[in-house]
Structure formats: structure tokens, C-alpha cells
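The structure under discussion appears below in the form of C-alpha cells.
The values are calculated or read from the model by the stated rules, or taken from the named source; none is laboratory data. Bear in mind that the values here come from a model prediction, so they are computed numbers and not experimental data. Neighbour counts are summed over all protein chains in view; Cβ atoms, including those assigned to glycine, are modelled from backbone coordinates with ideal geometry. Accessible surface areas use protein heavy atoms only, side chains included; no ligands, DNA or RNA. Shrake-Rupley method; radii C 1.70, N 1.55, O 1.52, S 1.80 Å.
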Amino acid sequence: TLWDAGELIAAIEGLGIPHPPGTPLFVAIGRAWAVALGALPTALAANLLSAAAVAAACGLAALLVARWTRQPLAAFAAGTAAGLMASVWRNATE
């Protein structure tokens, strides 16, 4: 994609600030994640962080739907639908 992947990866590598408004929380978490996965290149670690964050968000969506509806099938459908949207994964793995 033509988004900010390279700029965010560079910011994570050097603890910099990408273009305004910046994403200081993502950069700080990304740097800690990259250091924890020290054997991997920063670009791969950043993409894994993004994919893990999307997976966690889909799980949270399923959990909330399960709590609100008390319908496990609806919760599964919500989490699956959130995770299978093409735009979600296209942005998560840019």
C-alpha cells in the first residue's frame, strides 16, 4: 500500500516522530516490540505488531458482542467479520 509503513518503521527504529500528528504510542510500543523480538528486522517486527493488534481488536470485538448479546455464534461472527475485511488486513500489513 502507499500509506505510511516506511515512515512508521523508520520512526520505530530510531524512536522518531513521524509526520503530524505523529503516533507516539504506536512508535513507543513498536520500539519495545522490536527490541523484544531482537532477532527480527524492525520492518518484520512492526508488521507483526500491526497484525497482532488487529487480531486483538477482533478478539475484543467478539468478546464485547458476546457480553452484549450473550450469543456465542453472534460473537464468533462479529470477530470473524471484523478480521476478514480486506481493508483491515490491507492496512494492518502495509
Identify the residue in region 77-94 that is modelled with pLDDT of 80 or more and among the aliphatic types (A, V, I, L, M) and, among all such residues, is surrounded by the fewest Cβ atoms within 10 Å (Cβ to Cβ).
86
Mind listing whichever residues of region 40-52 are surrounded by 14 or more Cβ atoms within 10 Å (Cβ to Cβ) and either part of a helix (DSSP H, G or I) or among the aromatic types (Phe, Trp, Tyr) (or both)?
42, 43, 45, 46, 47, 48, 49, 50
Would you mention how many residues in region 4-39 are closer than 29 Å to residue 79 by Cα, at pLDDT 85 or above and not in a helix (DSSP H, G or I)?
1
Taking residue 61 as the residue in question, decide whether it is open to solvent by less than 60 Å² (accessible area, probe 1.4 Å), out of contact with any Asp or Glu (no Cβ under 6 Å at 6 or more places or on another chain), modelled with pLDDT of 90 or more and part of a helix (DSSP H, G or I).
yes
